[in-house]
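One structure is given here, and the rest of the page talks about it.
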Amino acid sequence: MSNLDLGYVQDETDVQVELFGVSPSQIFEMAELDRVCFKEETSYPPWTFYFFLTAPGSDGFSLYRDGSLVGFILFRKESRSVGSIITIDVSPWERGKGLGSRLLLETERALAESGVRQVLLQVAVENAPAISFYEGKNYRKKKELGGYYGPGKSAYLMVKKIFDRGSPSP
């Protein structure tokens, strides 16, 4: 999937945003956007993006507007039937335009086409907007992971079942 031009996304402002696969050459751009999107204790350093992008079964999609990275998602196929969302980042000034939904939809399709039937993700318990976003996409809280982001910083493990042939569940 990486480095493939996957076409244009029409956001709610009718401005075209290009959707591409991701590659290790983007790690510094992704790390910078991640620092803008998340608190210091939950954002990833550049080397972590390199690890994620070069690990077997990992992939992702990125969104560019006018040559600038405005969003990306990284995911991994954990087993034959289980995939996970590593991170999804959308620039704060680009939120609410359907870009995160498009990234998630493309990821679910790619994972479903590879045989995945269940998608997992972790989200900070205090990140109410993200929890609401995922619940709106039919992800459900499975359990709380105490100390996931460090002492006193928990996450929810959220899960969604997806269908075959690239059709995400409703």
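Restricting the first residue to the stretch 126-155 and requiring it to be in contact (Cβ under 8 Å) with a residue 60 or more places away in the chain, which pairs with a second residue that is of a type in the set (Asp, Glu) and exposed (fewer than 14 other Cβ atoms within 10 Å of the Cβ) meet a Cβ separation below 8 Å and a spacing of at least six or different chains?
Listed by first residue and then by second, the contacts come to Tyr149/Glu41; Gly150/Glu41; Lys153/Glu41.
Would you confirm whether or not the stretch 84-95 contains a residue that is assigned to a loop (DSSP other than H, G, I, E, B) and either touching a Cys at 6+ places or on another chain (Cβ under 9 Å) or closer than 25 Å to Phe163 by Cβ (or both)?
Step one: of the stretch 84-95, the residues assigned to a loop (DSSP other than H, G, I, E, B) are 91, 95.
Now narrow it down to the ones that are either touching a Cys at 6+ places or on another chain (Cβ under 9 Å) or closer than 25 Å to Phe163 by Cβ (or both): 91.
Among the residues of the stretch 84-95, at least one is assigned to a loop (DSSP other than H, G, I, E, B) and either touching a Cys at 6+ places or on another chain (Cβ under 9 Å) or closer than 25 Å to Phe163 by Cβ (or both), which makes the answer yes.
For residues that are loosely packed, with under 14 Cβ neighbours inside 10 Å, at pLDDT below 85 and in a loop (DSSP other than H, G, I, E, B), tally how many sit in the stretch 24-48.
Selection size over the stretch 24-48: 3.
When you scan the stretch 99-134, how many residues do you find that are in contact with a strand residue (DSSP E or B) (Cβ under 8 Å, 6 or more places away or on another chain), assigned to a helix (DSSP H, G or I), more than 16 Å from Ile86 (Cβ to Cβ) and not aliphatic (A, V, I, L, M)?
Qualifying residue count, the stretch 99-134: 1.
Would you check which residues across the stretch 24-56 are more than 27 Å from Val125 (Cβ to Cβ) and not aromatic (Phe, Trp, Tyr) and list them?
First pass over the stretch 24-56, keeping only residues more than 27 Å from Val125 (Cβ to Cβ): 24-29, 50, 53-54, 56.
Answer for the stretch 24-56, where residues must be more than 27 Å from Val125 (Cβ to Cβ) and not aromatic (Phe, Trp, Tyr): Pro24, Ser25, Gln26, Ile27, Glu29, Leu53, Thr54, Pro56.
From Ser91, Ser81, Ser132, grab the single residue that is of a type in the set (Gly, Ala, Ser) and surrounded by 15 or more Cβ atoms within 10 Å (Cβ to Cβ).
Numbers: Ser81 fails: surrounded by 15 or more Cβ atoms within 10 Å (Cβ to Cβ); Ser132 fails: surrounded by 15 or more Cβ atoms within 10 Å (Cβ to Cβ).
On inspection, the qualifying residue turns out to be Ser91.
Within the stretch 79-99, work out how many residues are in contact with a helix residue (DSSP H, G or I) (Cβ under 7 Å, 6 or more places away or on another chain) and within 18 Å of Arg140 (Cβ to Cβ).
Qualifying residue count, the stretch 79-99: 3.
The values are calculated or read from the model by the stated rules, or taken from the named source; none is laboratory data. Bear in mind the structure is a predicted one, so any value in this text is a computation, not a measurement. Every residue, glycine among them, receives a Cβ derived from its backbone with ideal geometry; neighbour counts consider all protein chains shown.
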